[in-house]
Amino acid sequence: MQEAVHPLPIDSLLPDLKASLQKNPNLIIEAAPGAGKTTRIPPALLDPKLSKNGEVWVLEPRRIAARLSARRVAEELGERLGETVGYQVRFEEISSPRTRLRFLTEGVLTRRLLSNPTLKGVAAIVLDEFHERHLQSDLALALLRRLQKTTRPDLKLLVMSATLDAAPLARYLGDCPILRSEGRRFDIALEFLKQEDARPLADQVASALKKLIATKLDGDVLVFLPGAAEIRRAQDACTEIAAQENLLLTLLHGELSTSEQDRAVRPAAQRKVILSTNVAETSITIDGVVAVIDSGLARIAEHSHWSGLPTLPIQRISQAAAIQRAGRAGRTRTGICLRLYTEMDFTTRRAFETPEIQRLDLAGAALELHAAGVQDLMHFDWFESPDAQAIAAADLLLQKLSAIKCNGEVTTLGTKMLRYPLHPRQSRLLLEAAARGVAERGALIAVLMNERDLRIRKVSTATRPKAQAMGESDFVEPEELFWQAQYLKFDFQQLQARDINPGTAKAIDRAHKQLLRLLGQPAADNATKIEEADEQIRVAILAGYPDRVARRQESDNALGLDFHSASKMTLKFSNGTVAQLASESAVRSSEYLVAVEATEKQANRSVTSIIRTAVAIQPDWLLDLFPDAIHEHNQVIWNANQERVEVVSQMLYDQLVLDESRVDFKNLSSELEREIANTLFDAARKRGWQHFVNSEDMARLQARFDFMQRTFPETIWPSLEDDEIFAALKSYCKGKRSFRELCESVNLASVSQTLFSYEQRSLLNRMAPETIHFAGRKNLRINYEFGQAPWIASRLQDFFGLLTGPKIADGRTALVLHLLAPNQRPVQITQDLAGFWERTYPQVRRELSRRYPKHSWPEDPKYPQKKL
């Protein structure tokens, strides 16, 4: 029976829409939430004047939106779903040969383009809720525009949105027309928190619900929460309130079955409280809602650096999304929206969500574009181009997966990977598993990587059974949970009792069966032994994650950590980065592993990657799967304990060491010799030049040069700073292997020979000698000090008979004389020996004669009576 069709605001726009599409193949529709664009425009396009006998496809951003929208349109046509109106989402399709209007998720369209490049039989395509800017919607738009410009100018494209800057999009679509419908709007009272609420979100929702009940609210309440887990907690918090007020608590999110989703959106005899994720922001109209409780949070897709799959961290929604949510309360009459955040919080939020093409992994999109014949993704005609580094990273990953060649050409393996509605990583895993006789388990793990946790509530490591606490794969437990659900025939009550999510288990079962059908594999795997199957499935996972190979760092071994404990372990990855293995991971004893999923933890302005899901591998599997990625490298290392350089031959996978051995120093290449010398010098520089050259001797040499610079300012002399000394030391590192060898070859004389020319050394020795011989008596060491005159010290008697003291520097500088008594203490310091004899010596003679009577103290020291 055909449902009564109520007029909607968009209905008045349909004549203009049809007229526009008859003149121009492209059109943009801006319509407020609730205007009816999703349910009324697609069937209007079935008009023979617009589509003749061709099909109309509607691209929806979410699976739940595709299913519910298709069901709603079918009901308004008075038909069963699957007749004129059908839908197709990943792993599920309801349609028939009669179907002409199909609601699809965006990824389904891009894959259909690969099998039907000209979209034969399709007359028009509608991109709904384009403002959400999903990666697949941007990709679909670009591919459709390319098709329209080449072989299908007749293909009609209609882009619909509630909040969108339409002008740039209109230019991209050839300056196409824009039609607007204001929709039916009622006043909405907005209430913010006066200050932040530190209570758990579920308690905040319960308090807000009580507040609405106190106002004698007579309609339904729609509560926006970030995800299924938050919905379950809010359900627990609101159950008692609902029972007291005779309210029907319903849930709405993507993990639920179709019947459970219908229960949330269809009218009911009781007032409803609908606990929903952001799926209810757009596309889906829920009649009867007069109040909204907005948490201001959502799980917003981002790129996981580790898995290559989207992650869904909880983040604050944009202002545009908050406005969309509030608008759900004013569809049929005046409403109210309670925002669980402050007005200041709202004003500091970004205006719109960042397009996914700017923040997600592009590997899947890149493979589809290459398969469509696009080799240079940088110059592809995007609506908004992604970052060049993101494109390069996607192509590099596809090359490692053997999906494309260096020039972007898709390989035979890459073509096979495109058959499956999976990320390229999981497609590669699936094909490797099938080749190794473990297709059934490979398909299951590929699905488990895409679906959420089977557990209703996470089980901590401490409460795990011991058999599951340690192992070689973090997929053992979810696999066992799924087989248990299958054995129980997915019975709702029995699964709930075992803490298994029934909706997730059924979704995994549907996807698992579809993958096996696509593979054309038998129901059971070929591997007969469990150990053999376990190993083959881990090899298959490795094939899908060639860039996530890690090795436990040796520091953990050295510390003697108990790997059976809950401590975190440090891992080094093949790209050189470091992460930690989470304490809840079961992969505790393997030296090598593959990281499948990780989260990032930020503390003290630093970000640490925590590996949540991993499998153990053997290094020889890398040789089997990726022989071209294995290379040998001789590495020069410094052995600090023995103070010597060593050369290690390493077998590497990217930057990860698989094996190493010491290399003999014979017959080394000149490049290695240079690296050895540089390594020795780096170690010597850290130790300091004083370890190799006597610091007192060097200080004396530096003081001599200071004297030369002051005495002969017309000449240029080295400064002998640390850098100059190290430069001299570096030249002696060539051919040496250790500090011992360096010390044996380096001294002050060798450093001087390196730093100064022969002429400089000769001049230095003549003008600033280290010793002096005067009056045929003896050699005395000359003492040099920075900024001071050089000096010598000797017994007073040694100067008897001299009228003047000795000079250096070609007579320019008279040495300062330290005249010593027999006790080696100076009795006079002077440069004027003659003056000393005349003025000071008589008094000094009397004192010395008294103290040292055995010594001869002539009255006239210039002409002593006898030599001393």
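The values are calculated or read from the model by the stated rules, or taken from the named source; none is laboratory data. Remember, predicted model here, so these are calculated numbers, not experimental data. Cβ atoms come from the backbone with ideal geometry, glycine included; neighbour counts cover every protein chain shown. The accessibility values were calculated without ligands, DNA or RNA, using every heavy atom of the protein model including side chains. Shrake-Rupley method; radii C 1.70, N 1.55, O 1.52, S 1.80 Å.
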Practice task
Identify the residue in region 370-389 that is in a loop (DSSP other than H, G, I, E, B) and open to solvent by 60 Å² or more (accessible area, probe 1.4 Å) and, among all such residues, is farthest from Arg146 (Cα to Cα).
Solution key: Asp387
Exercise for the section: May I ask you to verify whether Ala170 is exposed (fewer than 13 other Cβ atoms within 10 Å of the Cβ) and either in contact with a Phe, Trp or Tyr (Cβ under 6 Å, 6 or more places away or on another chain) or aliphatic (A, V, I, L, M) (or both)? Expected result: no
Completion exercise
Scanning region 736-794 for residues that are farther than 22 Å from Ala677 by Cα and of a type in the set (Val, Ile, Thr), the one nearest to the chain's Cα centre (by Cα) turns out to be Ile782
Exercise for the section: Output the residue which, of all residues in region 240-262 that are in contact with a helix residue (DSSP H, G or I) (Cβ under 6 Å, 6 or more places away or on another chain) and part of a strand (DSSP E or B), is surrounded by the fewest Cβ atoms within 10 Å (Cβ to Cβ). Expected result: Leu249
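With of a type in the set (A, V, I, L, M, F, W, C), open to solvent by 20 Å² or more (accessible area, probe 1.4 Å), within 30 Å of Val596 (Cα to Cα) and modelled with pLDDT of 90 or more as the only criterion, which of Trp621, Trp638 stands out?
None of the others qualify; the one that does is Trp621.
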Exercise for the section: Counting only residues that are more than 26 Å from Arg812 (Cβ to Cβ) and open to solvent by less than 70 Å² (accessible area, probe 1.4 Å), give me the helices (runs of 4 or more DSSP H) lying completely in region 696-776 with at least 3 of them. Expected result: 722-731, 739-745, 748-755
Practice task
Confirm whether Ala392 is under 22 Å from the mean Cα position of the chain (by Cα) and either crowded, with 21+ Cβ neighbours inside 10 Å or at pLDDT 95 or above (or both).
Solution key: no
Practice task
State whether one or more residues within region 263-286 are touching a residue at least 40 places away in the same chain (Cβ under 8 Å) and surrounded by fewer than 18 Cβ atoms within 10 Å (Cβ to Cβ).
Solution key: no
Exercise for the section: Restrict the check to region 811-820 and report whether at least one residue is assigned to a loop (DSSP other than H, G, I, E, B), among the hydrophobic types (A, V, I, L, M, F, W, C) and either closer than 23 Å to Arg710 by Cα or at pLDDT 90 or above (or both). Expected result: yes
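Which of the residues spanning region 686-695 are surrounded by fewer than 17 Cβ atoms within 10 Å (Cβ to Cβ) and assigned to a loop (DSSP other than H, G, I, E, B)? Before the answer, list the steps.
Just the residues of region 686-695 that are surrounded by fewer than 17 Cβ atoms within 10 Å (Cβ to Cβ), to begin with: 686-688, 690-691, 694-695.
Selection gives Gly688, Asn694.
Yes/no matrix, rows are residues, columns are (1) among the aliphatic types (A, V, I, L, M); (2) in contact with a strand residue (DSSP E or B) (Cβ under 7 Å, 6 or more places away or on another chain); (3) open to solvent by 70 Å² or more (accessible area, probe 1.4 Å):
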{"position": "Val816", "(1), (2), (3)": "yes, yes, no"}
{"position": "Asp832", "(1), (2), (3)": "no, no, yes"}
{"position": "Arg845", "(1), (2), (3)": "no, no, no"}
{"position": "Lys854", "(1), (2), (3)": "no, no, yes"}
{"position": "Lys862", "(1), (2), (3)": "no, no, no"}
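Being among the polar types (S, T, N, Q) and open to solvent by 10 Å² or more (accessible area, probe 1.4 Å) is the filter; apply it to region 296-317 and report the residue that is modelled with the lowest pLDDT.
Of everything passing the filter in region 296-317, Thr311 is modelled with the lowest pLDDT.
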Practice task
Show the residue pairs that are 6+ apart or on different chains and have beta-carbon atoms under 7 Å apart, the first residue being within region 47-64 and on the phi > 0 side of the Ramachandran plot, the second being not basic (Lys, Arg).
Solution key: Lys52/Ala123
Practice task
Restricting attention to region 223-239, report how many residues are part of a helix (DSSP H, G or I), open to solvent by less than 10 Å² (accessible area, probe 1.4 Å) and in contact (Cβ under 8 Å) with a residue 40 or more places away in the chain.
Solution key: 2
Practice task
Assess whether Leu127 counts as being within 32 Å of the chain's Cα centre (by Cα), open to solvent by 40 Å² or more (accessible area, probe 1.4 Å) and not charged (D, E, K, R).
Solution key: no
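Report whether or not Ala214 is at pLDDT 90 or above, open to solvent by 10 Å² or more (accessible area, probe 1.4 Å), out of contact with any helix residue (DSSP H, G or I) (no Cβ under 7 Å at 6 or more places or on another chain) and over 28 Å from His134 (Cα atoms).
Answer is yes for this residue.
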Fill in the blank from the handout: Note on region 66-102: residues open to solvent by less than 10 Å² (accessible area, probe 1.4 Å), of a type in the set (S, T, N, Q) and over 22 Å from His131 (Cα atoms) are Thr99
Fill in the blank from the handout: Taking region 20-34 and keeping only residues that are part of a loop (DSSP other than H, G, I, E, B) and open to solvent by less than 10 Å² (accessible area, probe 1.4 Å), one is left with Ala32
Practice task
Name the single residue, out of those in region 35-65 being more than 14 Å from Leu155 (Cα to Cα), touching a Leu at 6+ places or on another chain (Cβ under 8 Å) and of a type outside the set (A, V, I, L, M, F, W, C), that is surrounded by the most Cβ atoms within 10 Å (Cβ to Cβ).
Solution key: Glu60
Handout entry: Qualifying residue in region 734-746 (condition: farther than 30 Å from Val647 by Cα and touching a residue at least 24 places away in the same chain (Cβ under 8 Å))
Key = no
Practice task
Test Glu554 against the criterion of being at pLDDT 90 or above, surrounded by fewer than 19 Cβ atoms within 10 Å (Cβ to Cβ) and either within 20 Å of Leu652 (Cβ to Cβ) or aromatic (Phe, Trp, Tyr) (or both), and give yes or no.
Solution key: no
Fill in the blank from the handout: Log entry, pairs with first residue in region 482-501 being within 18 Å of His512 (Cα to Cα) and without any contact (Cβ under 8 Å) to a residue 40 or more places away in the chain, second being open to solvent by 70 Å² or more (accessible area, probe 1.4 Å) and of a type outside the set (S, T, N, Q), beta carbons closer than 6 Å, six or more apart or on different chains, reads Phe490/Lys506
Handout entry: Failed condition for Asp220, given (1) open to solvent by less than 30 Å² (accessible area, probe 1.4 Å); (2) closer than 23 Å to Thr334 by Cα; (3) under 40 Å from the mean Cα position of the chain (by Cα); (4) modelled with pLDDT under 95
Key = (3)
Completion exercise
Inside region 195-215, the number of residues satisfying the requirement of being within 19 Å of Gln315 (Cβ to Cβ), in a helix (DSSP H, G or I) and touching a strand residue (DSSP E or B) at 6+ places or on another chain (Cβ under 7 Å) is 2
Problem - Residues within region 792-808 that are closer than 21 Å to Arg766 by Cβ and either modelled with pLDDT of 95 or more or crowded, with 17+ Cβ neighbours inside 10 Å (or both), tallied - result: 4
Handout entry: Residues located in region 35-55, provided they are over 38 Å from the mean Cα position of the chain (by Cα) and assigned to a helix (DSSP H, G or I)
Key = Lys37, Thr39, Arg40, Ile41, Pro42, Pro43, Ala44, Pro48, Lys49, Leu50, Ser51
Exercise for the section: Might you let me know whether region 334-348 holds any residue that is buried (at least 20 other Cβ atoms within 10 Å of the Cβ), among the charged types (D, E, K, R) and under 29 Å from Asp197 (Cβ atoms)? Expected result: yes
